[in-house]
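Scroll down for the structure; my scribbles are underneath it.
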Amino acid sequence: MDINYYDEHQEEFEAVKLALKGEMERIWGSMLKERGDNLDDEATYLDLFEELQYNFSPSSFSKLSPAQELDKDKIAAFVARTRGYKHGITIKCRPGRPQKWLKGRIKPLEDAEGTNLCWIDTATIGHIGAGQQFDDQYYLTVTTQTGQSYRVNELRLPGRLLEAAQESLFRALDSTTGGNF
């Protein structure tokens, strides 16, 4: 699978995005109108994209207007490109200090807020893995040396993006400046 497929096929990417926006407008049009939002606002588009992306399948794209012919590889590439190749991994570093902190969730399927948000000292990570949330939707996990497991990415991952997300996690763990990966 070529995760960067749409970097070389910009027109195709824009056609898929436009057709998807039409479906989003059909689903959430009245809500958008009430709030004064529109899908040309990238933040609004990305929020609704995340709400819809776990339903993506070749048949869901063939039902768009105009119909889009995407296999699972192209869907994963579309998701990756739309997200800017980020997977929702956050790491913090302090200048001049060797310790790094990875953002995590104690309960993997709940929001990373309040008591469910934690920061994991990366030196304590003993295992990196993944958990499944829905059919073909995954999340990354780390397990500390004490045996506690945490979800460490915010976004649901199509199975075909799991390896790329794990590579991003490794890059995040190697980072000396921190950031979002």
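The values are calculated or read from the model by the stated rules, or taken from the named source; none is laboratory data. Quick caveat: nothing in here was measured; it's all calculated off a predicted structure. Heads up, the Cβs are rebuilt from the backbone with ideal geometry, glycines too, and the neighbour counts pull from every protein chain shown. Accessible surface areas use protein heavy atoms only, side chains included; no ligands, DNA or RNA. Shrake-Rupley method; radii C 1.70, N 1.55, O 1.52, S 1.80 Å.
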key: Rounded Å value of the spacing that divides the Cα centres of the stretch 121-181 and the stretch 94-118   = 12 Å
inquiry  = Using only the alpha-carbon atoms, what does the chain span along each of its principal axes? Please give whole angstrom values in decreasing order.
reply    = 51, 38, 32
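Given 0.36 nm per residue, what is the gain on full extension from M1 to I106 after removing their alpha carbon distance, in nm? Write down the numbers at each step before the final one.
Values: separation 105, 0.36 × 105 = 37.80 nm, distance 3.20 nm.
Going from the current span to full extension adds 34.6 nm.
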request  = Using a 1.4 angstrom probe on heavy atoms only, work out the carbon and sulfur share of the accessible area of the stretch 1-157 in %.
outcome  = 47 percent
note = Rounded to a whole number, the Stokes-Einstein D of the stretch 16-107 in µm²/s (Kirkwood radius over Cα pairs; 37 °C; 0.692 mPa s) is 213 µm²/s
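Greater than 26 Å separation of Cα atoms is the criterion. Which listed pairs, K86/K107; K72/K103; K17/K86; K72/K92; K21/K103; K63/K107, meet it?
Checking Cα-Cα distances, K72/K103; K72/K92; K21/K103; K63/K107 exceed 26 Å.
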query = In the Gaussian network model of the chain, springs joining C-alpha atoms below 10 Å, which of K33, K63, K21 carries the largest mean-square fluctuation?
reply = K33
inquiry  = What's the ranking of 66-73, 78-85 by average number of surrounding C-beta atoms within 10 Å, highest first?
reply    = 78-85, 66-73
query = On full extension of the chain, what length is gained from D71 through Q132, given 0.36 nm per residue of separation minus the C-alpha to C-alpha distance?
reply = 19.9 nm
key: Amide H within-cut-off set for A130, under 5 Å, with H built and near neighbours excluded   = T141
note = To the nearest 10 degrees, the tilt of helix 10-35 (Cα long axis) against the first principal axis of the alpha carbons of the chain is 90 degrees
ask   = Rounded if a/c is under 1.5, else prolate if a/b is larger than b/c, else oblate: which is the stretch 1-46, with a ≥ b ≥ c the root eigenvalues of its Cα gyration tensor?
value = prolate
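So with the 1.4 Å probe, I'd like the accessible area per residue for the chain, rounded to whole Å². Walk me through the numbers on the way to the answer.
Details: 10150 Å² over 181 residues.
Result: 56 Å² per residue.
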query = What 222 nm value per residue comes from the helices of the chain, counting each DSSP H run with n ≥ 4 as -39,500 (n - 2.57) and dividing by all residues, nearest 500 deg cm²/dmol?
reply = -12000 deg cm²/dmol
key: Value of Rg/Rh across the stretch 73-130 [Cα atoms, Kirkwood radius]   = 1.06
note = With 0.36 nm assigned to each residue of separation and the Cα-Cα distance removed, S175 to E50 gains 42.4 nm
